[in-house]
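Asks: The structure is given below, and queries will be raised subsequently.
The values are calculated or read from the model by the stated rules, or taken from the named source; none is laboratory data. Model, not experiment: these values are computed from the prediction. Note that we place each Cβ from the backbone using ideal geometry, even for glycine, and neighbour counts take in every protein chain shown. Note: accessible area is taken over every heavy atom of the protein model, side chains too, but ligands, DNA and RNA are not part of it. Shrake-Rupley method; radii C 1.70, N 1.55, O 1.52, S 1.80 Å.
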Amino acid sequence: MPRILITNDDGISAPGIHALEASLARIGDVYTVAPLYEQSAASRRITLRKPFRYEMHGKNRYAVDGTPADCGMMALTLLLDFKPDLVVSGINNGPNLGENVYYSGTVAGAAEGAKYGIPAIAMSVNQRVDIDYGPAADFAMKIALRTLEHGLPAGIALNVNVPHPSYHGVAITHQSGRLSRNLMIETQDPYGRPYYWMHEEIPVHDAEPGSDYAAVRDGKVSITPLRFDHTAHDLIESLRGFEE
Ligand code: MN
């Protein structure tokens, strides 16, 4: 049986991780190392200025009082005495599309797997309330099987977003370049002082063809291959003049 490491950013008690565990347990031995508390939008933050611990939450289930990146590092350097065949992060409550990919703790969990050269998948569902995780969990099993069979190039993770409540078809996409987090909602506290809530405008109508947003808008599962080496390799030669 393949050995699969599961993590997320919604926390070890989130319904999405339970759905993912149940689904992937049908195809492999599942090990969960996930944050004790919700870490959405933690990106790849790691805990350096304070100690952190893990506690057991069932057989092969570790809850870490840290971020998704902490979980990945702790799993792959301490908790697991083997290198898993696959890392799957999620299933996130809410989509991770466009610029949200940069801030996502779900993607960060997969990124840690990719960093260690393990095929990795980030799973999210395009819904935030009254979620039926069934279709996304089922898709997670299918894409996990395919990834286990075919592998992925080292350093690559797949960012998967599943429409809700159902989907028709699958699209390989690029990360949208549309900016969505343009809204600072101002409200007032009981003392009359303003406070702010960051929100987003989903680029439904002007999403670029072939982008992640366009696929999910059109009811398709979006699969974006992500690379975490941010080097602009195509610019290295043209910038040689800076060396002089
Ligand atoms: Mn989340």
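Asks: Does Asn60 fit the bill of being polar (S, T, N, Q), under 21 Å from Ala144 (Cβ atoms) and within 12 Å of the ligand (Cβ to nearest atom)?
Replies: On the way: polar (S, T, N, Q): yes; under 21 Å from Ala144 (Cβ atoms): yes; within 12 Å of the ligand (Cβ to nearest atom): no.
No: the conditions fail for Asn60.
Asks: Identify, please: which residue in the range 22-38 is within 22 Å of Leu145 (Cβ to Cβ) and surrounded by fewer than 16 Cβ atoms within 10 Å (Cβ to Cβ) and is, among those, nearest to the ligand (Cβ to nearest atom)?
Replies: Ranking the candidates gives Ala22 first.
Asks: Report, by residue number, each residue of the range 87-122 that is more than 14 Å from the chain's Cα centre (by Cα) and either open to solvent by less than 10 Å² (accessible area, probe 1.4 Å) or within 13 Å of the ligand (Cβ to nearest atom) (or both).
Replies: Hit for the range 87-122 is Ile118, nothing else.
Asks: Quick one: is Tyr116 under 18 Å from Pro2 (Cα atoms) and among the aromatic types (Phe, Trp, Tyr)? Walk me through how you get there before you give the answer.
Replies: Values: under 18 Å from Pro2 (Cα atoms): yes; among the aromatic types (Phe, Trp, Tyr): yes.
Yes: the conditions hold for Tyr116.
Asks: Those residues that are under 24 Å from Asn161 (Cβ atoms) and among the polar types (S, T, N, Q), I need them from the range 75-108; list them, please.
Replies: Those that are under 24 Å from Asn161 (Cβ atoms) and among the polar types (S, T, N, Q): Ser89, Asn92, Asn93, Asn96, Asn100, Ser104, Thr106.
Asks: Here is a further query. Quick one: how many residues across the range 154-181 are assigned to a loop (DSSP other than H, G, I, E, B) and either open to solvent by less than 90 Å² (accessible area, probe 1.4 Å) or closer than 27 Å to Ala19 by Cβ (or both)?
Replies: Going through the range 154-181, the residues assigned to a loop (DSSP other than H, G, I, E, B) turn out to be 154-155, 163-169, 173, 175-181.
Retained after the next criterion (residues that are either open to solvent by less than 90 Å² (accessible area, probe 1.4 Å) or closer than 27 Å to Ala19 by Cβ (or both)): 154-155, 163-169, 173, 175-178, 180-181.
The total comes to 16.
Asks: OK, next. Which is at positive phi and either within 11 Å of the ligand (Cβ to nearest atom) or in contact with a helix residue (DSSP H, G or I) (Cβ under 6 Å, 6 or more places away or on another chain) (or both), of Ala19, Ala14, Ala41?
Replies: Values: Ala19 fails: at positive phi; Ala14 fails: at positive phi.
Only one candidate qualifies: Ala41.
Asks: Going by the structure shown, is Phe52 of a type outside the set (S, T, N, Q), away from the ligand (no atom under 14 Å from the Cβ) and assigned to a loop (DSSP other than H, G, I, E, B)?
Replies: Values: of a type outside the set (S, T, N, Q): yes; away from the ligand (no atom under 14 Å from the Cβ): yes; assigned to a loop (DSSP other than H, G, I, E, B): yes.
In short, yes.
Asks: Residues Tyr37, Tyr102, Tyr62, Tyr31: which one is outside any loop (DSSP other than H, G, I, E, B), within 27 Å of Ser180 (Cβ to Cβ) and of a type in the set (Phe, Trp, Tyr)?
Replies: Numbers: Tyr37 fails: outside any loop (DSSP other than H, G, I, E, B); Tyr62 fails: within 27 Å of Ser180 (Cβ to Cβ); Tyr31 fails: within 27 Å of Ser180 (Cβ to Cβ).
The match here is Tyr102.
Asks: Condition test on Tyr62, is it in contact with a helix residue (DSSP H, G or I) (Cβ under 6 Å, 6 or more places away or on another chain), in contact (Cβ under 8 Å) with a residue 60 or more places away in the chain and not polar (S, T, N, Q)? Walk me through it before giving the result.
Replies: Numbers: in contact with a helix residue (DSSP H, G or I) (Cβ under 6 Å, 6 or more places away or on another chain): yes; in contact (Cβ under 8 Å) with a residue 60 or more places away in the chain: no; not polar (S, T, N, Q): yes.
So Tyr62 does not fit the description; no.
Asks: Give Arg146, Arg128 a once-over and let me know the one that is basic (Lys, Arg) and away from the ligand (no atom under 16 Å from the Cβ).
Replies: Working: Arg128 fails: away from the ligand (no atom under 16 Å from the Cβ).
So the residue among Arg146, Arg128 that is basic (Lys, Arg) and away from the ligand (no atom under 16 Å from the Cβ) is Arg146.
Asks: Another question about this same structure. Which residue, of Ile46, Ile6, Ile17, is open to solvent by 20 Å² or more (accessible area, probe 1.4 Å) and β-branched (Val, Ile, Thr)?
Replies: Working: Ile6 fails: open to solvent by 20 Å² or more (accessible area, probe 1.4 Å); Ile17 fails: open to solvent by 20 Å² or more (accessible area, probe 1.4 Å).
Step by step, each of Ile46, Ile6, Ile17 is checked, and only Ile46 is open to solvent by 20 Å² or more (accessible area, probe 1.4 Å) and β-branched (Val, Ile, Thr).
Asks: While we're looking at this one, here's another question. Cβ-Cβ under 6 Å, sequence separation 6+ or interchain: first residue in the range 87-100 and at pLDDT 95 or above, partner part of a loop (DSSP other than H, G, I, E, B) and acidic (Asp, Glu). Which pairs?
Replies: Short answer, once both residue conditions are applied: Asn93/Asp10.
Asks: Is the range 77-85 home to any residue that is within 13 Å of the ligand (Cβ to nearest atom), farther than 26 Å from Leu183 by Cβ and touching a residue at least 60 places away in the same chain (Cβ under 8 Å)?
Replies: Initial filter on the range 77-85 (within 13 Å of the ligand (Cβ to nearest atom)): none.
No, that holds for no residue.
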